[in-house]
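Step one of this worksheet: look at the structure below.
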Amino acid sequence: MKFSIIIANYNYERFVGKAIDSALAIRWPDVEVIVVDDGSTDQSRQVIAAYGDRVLPILQKNAGQLIACNVGFAKATGDWIIFLDADDLLDPSIAEEVARVSTPRTSKVQFLMERIDSDGRPTGSCFPTYTPPPTPEKISDWAVRLTTYSTPPGSGNVYARAFLDKIFPLDNACGDAPDSELVTAAPFFGDVVTVEKPLVKYRVHGGNDSNLFAKEGQFAREVARGYARFLYSQRIAQTVGIDIPDATFRKNLHVLQHRIPSVTLSPALHPLPWDNKYQVLKDTLTTTFTFDAMSRKHRVVLLAWSILTLLAPKPIARKLIQLRFSH
């Protein structure tokens, strides 16, 4: 088994060296590290060059993360692929864990991610929450019935090349975030195996794409991404003979969590013309009791938060949203 670590970097000179160090420190005899610099204008390329032939550098004009990952994958020769965000860190034992739990049917192995601050200090929390870790069969069921499942973002996943060969090169069906297509498609082409260990460090800082309070309209963007992932799920499912009804989108409690702040804080930017507070409340009430991809306790807490947020005056709703989505 060979592991390929693909790091797509754009203007992360402060972090990219540490990401490369973590990839080079993996305890496995056959690892290649590919660093695609996507037209950085800071000192990133000097940082990458300092590693010499220990990494394969690819320097391109700025084209976006998705293109950078396509370019990196085209050069990768590994049996298992990790798309490591340039501000995240891998645990040295991650390859050993993949070898321990994977089978020929495995399309993806996913882990917990430990949050660290911009200086690399642990914040004391991990995500996602698996209670208990779902079986591959359960994840496949959720992917078809709910078009979602509990999954970490980019760096928290290791993909089998046999699976990736079926969907690469990626298009922009889900926007420029490649992990949206990868995590969505994985259950339709094999087993998704969950390891309840924090084997990736997720760096939280002001420049994170996941910072939903960076500017107005971020929640609307997440709703648009969620709908794009749903359409992509329908498309991928059809390739393996599965039909997913349009109404399934409204059963996605993960997207509902973003629909609520979107219609509350920026209704003019909300991307779903048929949606409003009444529809979101109706969908939340009906979905909370059937969405078994989330623990019952979590669903009850979320239901209470949803009702309070939708019915509260906007200043109080804003505080409730900040409480829910602040790391």
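Residues in the stretch 20-65 that are assigned to a helix (DSSP H, G or I) and among the polar types (S, T, N, Q): 4 in all.
Here S180 fulfils each of the conditions (1) touching a helix residue (DSSP H, G or I) at 6+ places or on another chain (Cβ under 6 Å); (2) modelled with pLDDT under 95; (3) not in a helix (DSSP H, G or I) apart from (3).
With the structure loaded, tell me whether P92 is farther than 23 Å from F163 by Cβ and touching a residue at least 40 places away in the same chain (Cβ under 8 Å) or whether it fails that test. Yes, satisfied. Given the conditions (1) under 23 Å from F325 (Cα atoms); (2) out of contact with any strand residue (DSSP E or B) (no Cβ under 9 Å at 6 or more places or on another chain), and given that G156 satisfies all but one, which numbered condition is not satisfied? Failed condition: (2).
Once the stretch 216-236 is narrowed to residues that are among the small types (G, A, S) and assigned to a helix (DSSP H, G or I), the residue that is nearest to R318 (Cα to Cα) is A220.
Being at pLDDT 95 or above, surrounded by fewer than 17 Cβ atoms within 10 Å (Cβ to Cβ) and not in a loop (DSSP other than H, G, I, E, B) is the filter here; which residues of the stretch 124-137 pass it? Correct list: E137 only. The condition of being surrounded by fewer than 16 Cβ atoms within 10 Å (Cβ to Cβ) and touching a residue at least 24 places away in the same chain (Cβ under 8 Å) holds for N172. Evaluated against (1) at negative phi; (2) assigned to a loop (DSSP other than H, G, I, E, B), Y278 falls short on exactly one condition, (2). S295 satisfies every condition listed in (1) within 14 Å of R145 (Cα to Cα); (2) within 22 Å of the chain's Cα centre (by Cα) except (1). Contact annotation: residue pairs with Cβ atoms under 8 Å, 6 or more positions apart or on different chains, pairing a residue in the stretch 135-160 that is over 21 Å from I82 (Cα atoms) and in the same structural domain as Q65 (by TED's automatic domain parsing) with a partner that is of a type in the set (S, T, N, Q) and surrounded by fewer than 20 Cβ atoms within 10 Å (Cβ to Cβ), are R145/T248; L146/T248; T147/Q234; T147/T248.
Among residues belonging to the stretch 207-243 that are over 15 Å from the mean Cα position of the chain (by Cα) and of a type in the set (K, R), point out the one that is modelled with the lowest pLDDT. My answer is K215.
The values are calculated or read from the model by the stated rules, or taken from the named source; none is laboratory data. What you are looking at is a predicted structure, and each value in this text was computed from that prediction instead of being measured. Positions of Cβ are backbone-derived with ideal geometry, glycine not excepted, and every protein chain shown enters the neighbour counts.
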